[in-house]
Amino acid sequence: MLPLSSLAQQQKDLALLQTAAPAVTARLQQAGVQVAPLDLSAMTLTPQAWLNSPNSEGWRLLWLSLPDGRSGVLVPVAGVTHSAELAGLAESLPGVSWIDRKATFDRLFAFYRTLLGLLLGAALVAIALSFMLRLGIRQGAISVLPSVLSLGGGLAALSLSGHPLNLFSLLALVLVLGIGINYTLFFSNPRGTPITSLLAVTLAMVTTLLTLGMLVFSSTQAIASFGIVLCSGIFTAFLLAPLAMPPKRKKR
């Protein structure tokens with residue numbers, strides 16, 4: 001793809017031109033065309049001379065040179081469907097490397113998806129243990145149930161909408177878990193009243209949905225999935241947060 005032949009190929013081309021030039025010149029003169037003597041001294045063309053000429057404009061960014069004199073050329077490709085096979089083929093060729101930025105980012109995002117999933121699970125276990133130590137096993141399990149179901153509700157809404165689970169969806173689950181715990185703590189506070197807790201949680205939920213809920217209508221898939229998980233998870237947490245009320249307040 002690079003419009004610069006190797007020095008070996010240029011030498012072959014020069015030999016062909018030197019062989020063919022006298023015959024071509026003679027035929028042109030027979031036809032009455034005056035031809036100036038051919039000057040082939042400009043060949044061969046070195047890479048440095050080509051880079052300094054206007055002919056390399058637009059290609060210079062693809063040519064990389066090191067201080068020790070070694071150079072490399074980036075060759076863009078299109079229509080690749082088997083990146084792994086091309087990577088294996090490049091390893092068998094000396095001086096050739098296969099660079100797939102998409103595969104690199106896919107591996108990076110997969111690592112962070114796994115890491116966020118583990119952190120979410122660890123956070124959920126820590127929250128459940130803290131509730132059980134503070135409220136007892138039965139009431140603690142009931143108090144952590146809204147958080148678990150809010151995460152499940154966000155994932156269920158994401159699946160029903162046809163969006164895949166990606167890094168942005170997991171980031172939304174982190175927010176759902178944090179906001180859902182806040183709702184639970186409001187209702188589990190023994191010093192508060194149910195009406196006050198309901199008013200505070202409702203206001204918090206409405207403002208969150210009005211601000212972040214607009215992300216659902218984004219045309220970008222990652223942003224839309226973030227909004228779907230966040231809105232559905234927060235709404236589920238709002239509906240189930242009253243389960244965390246102490247038994248005495250429930251009887252009232």
Unmet requirement for PHE109, which otherwise passes all of (1) more than 30 Å from GLY180 (Cα to Cα); (2) touching a residue at least 40 places away in the same chain (Cβ under 8 Å): (1)
Consider LEU118 against the criteria (1) within 30 Å of VAL174 (Cα to Cα); (2) surrounded by 11 or more Cβ atoms within 10 Å (Cβ to Cβ); (3) not basic (Lys, Arg): it satisfies all of them except one. Which criterion is unmet? (2)
Please verify whether the stretch 126-138 includes one or more residues that are surrounded by 13 or more Cβ atoms within 10 Å (Cβ to Cβ), within 24 Å of the chain's Cα centre (by Cα) and closer than 24 Å to ALA237 by Cα. no
For the stretch 1-111, give me every one of the helices (runs of 4 or more DSSP H) that falls completely inside it and has 2 or more residues that are surrounded by fewer than 10 Cβ atoms within 10 Å (Cβ to Cβ). 7-30
Can GLY140 be described as closer than 27 Å to PHE109 by Cα and small (Gly, Ala, Ser)? no
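Bear in mind that the values in this text are calculations on the coordinates, not laboratory data. As the structure is a computational prediction, the values presented were derived from the model and not from experiment. Glycine gets a Cβ as well: all are built from the backbone with ideal geometry, and neighbour counts include every protein chain shown.
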